Amino acid sequence: MKEALFGKALTELRKITQEAGLPKFTAMQIADWLYKKDITSIDEMHNLSKKVRIALSQKFGMGLQTPVNVKSSTDGTKKYLFEANGRGYIETAFIPERKRRTLCLSVQVGCKMGCLFCMTGKQGFQSNLNTNEILNQIKSIPENNQLTNLVFMGMGEPFDNLSALMNSIEILTSDWGFSWSPHRITVSTIGIVPAMKYFLENSLCHLAISLHSPFEKERRMLLPVSQKYPIADIINELKNHDLKRQRRISFEYIVFKGLNDTHRHVNELARLLNGIKCRINLIRFHTIPGTSLEAIDERRLQIFKFALNAKGIFTTIRASRGQDIDAACGLLSTRELMKPEDTKFNSQSLKI
Ligand code: SF4
């Protein structure tokens, strides 16, 4: 397979054009075609000579891949399934809400973190996605020109694939790239502290931290990997940074019935987050096979939210979307993996 041109940063394009003996400005012209125009082949780069286009095509392809399946919800949410070059499947969710059109991106095939409530975690880890595969999720869906917000909250832990994440953010936010505002991009993490520190120092994107409990022991039960990165370390790291530069910090909190929804939790959350300008985003649990965790009822969820607001913590409840199409992250790709070989989709069979 040819190397993908889509997903290369300007520095890499400069290296490629320099090695081919092309003028310096050619790299910028290629970046313009890749990230600002709607083309699907190198041959469409009309301001490059035919000779240059042929030379580039001998070594490189665009590297764009269409999804192999799509599921549409009655609420407008769509879940796209991409094949990760023979390494399994990833999911990308398109979520339209009033004025927003959000795309939820995956960064890994499977995940190492093994969170108790997550279907992707149950798949185990297959591989990291590269920058091309991360950005392809944006470029290769029919709604790519409608998007207003990007969230790295799909399959995988973004800070466990830091280099591809940061390369993707560079291409997304650079003037020569997609020119996205970093304030329209949110990265979600379970809190891998060294990578989080790097991200906070090198990006202005918003950060969402999976908290799920203010108590260390309980959190470790839900997120086994968190024993390496205690909550106190995460909070200390956040307090070390100037978070005023329009960056939004939010704490994701999946509410489980009878587990993390008590007054004790409200009080401890208020103590823990004191002094950090943040919000808590409460999330309804979407039941997955093989776990005894239960979803909280609507009334208790509202009570929990009011109790947190009363403590001065700005708290919201995330709207549940796509419940009729395997809303839980990783369910669609797990079902695909479990299908018998001869019933799987392939790119030729796709109809969107
Ligand atoms: Fe990985 Fe996120 Fe799932 Fe945890 S919740 S297993 S970090 S994908």
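The values are calculated or read from the model by the stated rules, or taken from the named source; none is laboratory data. Just so we're clear, the structure is a prediction, and the values are computed from it rather than from any experiment. When we count neighbours, we look across all protein chains shown, and the Cβ atoms used for this are built from the backbone with ideal geometry, even at glycine. Surface areas here come from the heavy atoms of the whole protein model, side chains and all, with no ligands, DNA or RNA. Shrake-Rupley method; radii C 1.70, N 1.55, O 1.52, S 1.80 Å.
Residue-level analysis places Leu162 among those that are part of a helix (DSSP H, G or I), at pLDDT 95 or above, surrounded by fewer than 24 Cβ atoms within 10 Å (Cβ to Cβ) and among the aliphatic types (A, V, I, L, M).
From (1) assigned by TED's automatic domain parsing to the domain that holds Lys139; (2) under 22 Å from Leu147 (Cβ atoms); (3) of a type outside the set (D, E, K, R), pick out the condition that doesn't hold for Val109. Here Val109 meets the rest and fails (2). Between a residue in the range 237-261 that is in the same structural domain as Leu222 (by TED's automatic domain parsing) and any residue that is at pLDDT 95 or above and of a type in the set (Phe, Trp, Tyr), which pairs come within a Cβ distance under 8 Å, given they are 6 or more apart or on different chains? Here the result reads Val255/Phe304; Asn260/Tyr253; Asp261/Phe304, each pair linking the range 237-261 to a residue that is at pLDDT 95 or above and of a type in the set (Phe, Trp, Tyr). Listed by first and then second residue, the pairs with beta-carbon distance under 8 Å, at least 6 apart or on different chains, first residue in the range 106-118 and in contact (Cβ under 8 Å) with a residue 40 or more places away in the chain, second among the basic types (Lys, Arg), are Val109/Arg87; Gly114/Lys122. Only one entry in Leu243, Leu204 is more than 16 Å from the ligand (Cβ to nearest atom), outside any helix (DSSP H, G or I) and farther than 30 Å from Asn136 by Cβ, namely Leu243. Only one entry in Phe159, Phe152 is under 20 Å from Ile254 (Cβ atoms), more than 9 Å from the ligand (Cβ to nearest atom), touching a Pro at 6+ places or on another chain (Cβ under 7 Å) and of a type outside the set (D, E, K, R), namely Phe152. The number of residues in the range 114-130 being within 15 Å of the chain's Cα centre (by Cα) and either in a loop (DSSP other than H, G, I, E, B) or within 8 Å of the ligand (Cβ to nearest atom) (or both) comes to 5.
Any chance the range 39-56 includes a residue that's touching an Asp or Glu at 6+ places or on another chain (Cβ under 6 Å) and outside the structural domain of Glu133 (by TED's automatic domain parsing)? Checking the range 39-56: at least one residue is touching an Asp or Glu at 6+ places or on another chain (Cβ under 6 Å) and outside the structural domain of Glu133 (by TED's automatic domain parsing).
With respect to the stated conditions, Gln146 fails to be part of a helix (DSSP H, G or I) and among the polar types (S, T, N, Q).
If you go through the range 8-29 and pick out every residue that is open to solvent by less than 10 Å² (accessible area, probe 1.4 Å) and closer than 17 Å to Leu172 by Cβ, you end up with 2.
The number of residues in the range 1-38 being in contact with an Asp or Glu (Cβ under 8 Å, 6 or more places away or on another chain) and in contact (Cβ under 8 Å) with a residue 60 or more places away in the chain comes to 2. Restricting the range 170-194 to residues that are open to solvent by less than 10 Å² (accessible area, probe 1.4 Å) and either part of a helix (DSSP H, G or I) or not assigned by TED's automatic domain parsing to the domain that holds Leu129 (or both) leaves a set whose member that is nearest to Phe251 (Cα to Cα) is Leu172. Annotation note: Cβ proximity below 6 Å between a residue of the range 267-294 that is touching a residue at least 60 places away in the same chain (Cβ under 8 Å) and a residue that is in a loop (DSSP other than H, G, I, E, B) (sequence gap 6+ or interchain) occurs for Ile280/Ile313; Asn281/Arg318; Ile288/Ala328; Leu293/Phe117. Among the residues of the range 100-109, at least one is outside any loop (DSSP other than H, G, I, E, B), away from the ligand (no atom under 16 Å from the Cβ) and open to solvent by 20 Å² or more (accessible area, probe 1.4 Å).
A residue that is open to solvent by less than 20 Å² (accessible area, probe 1.4 Å), modelled with pLDDT under 95 and β-branched (Val, Ile, Thr) occurs somewhere in the range 110-124.
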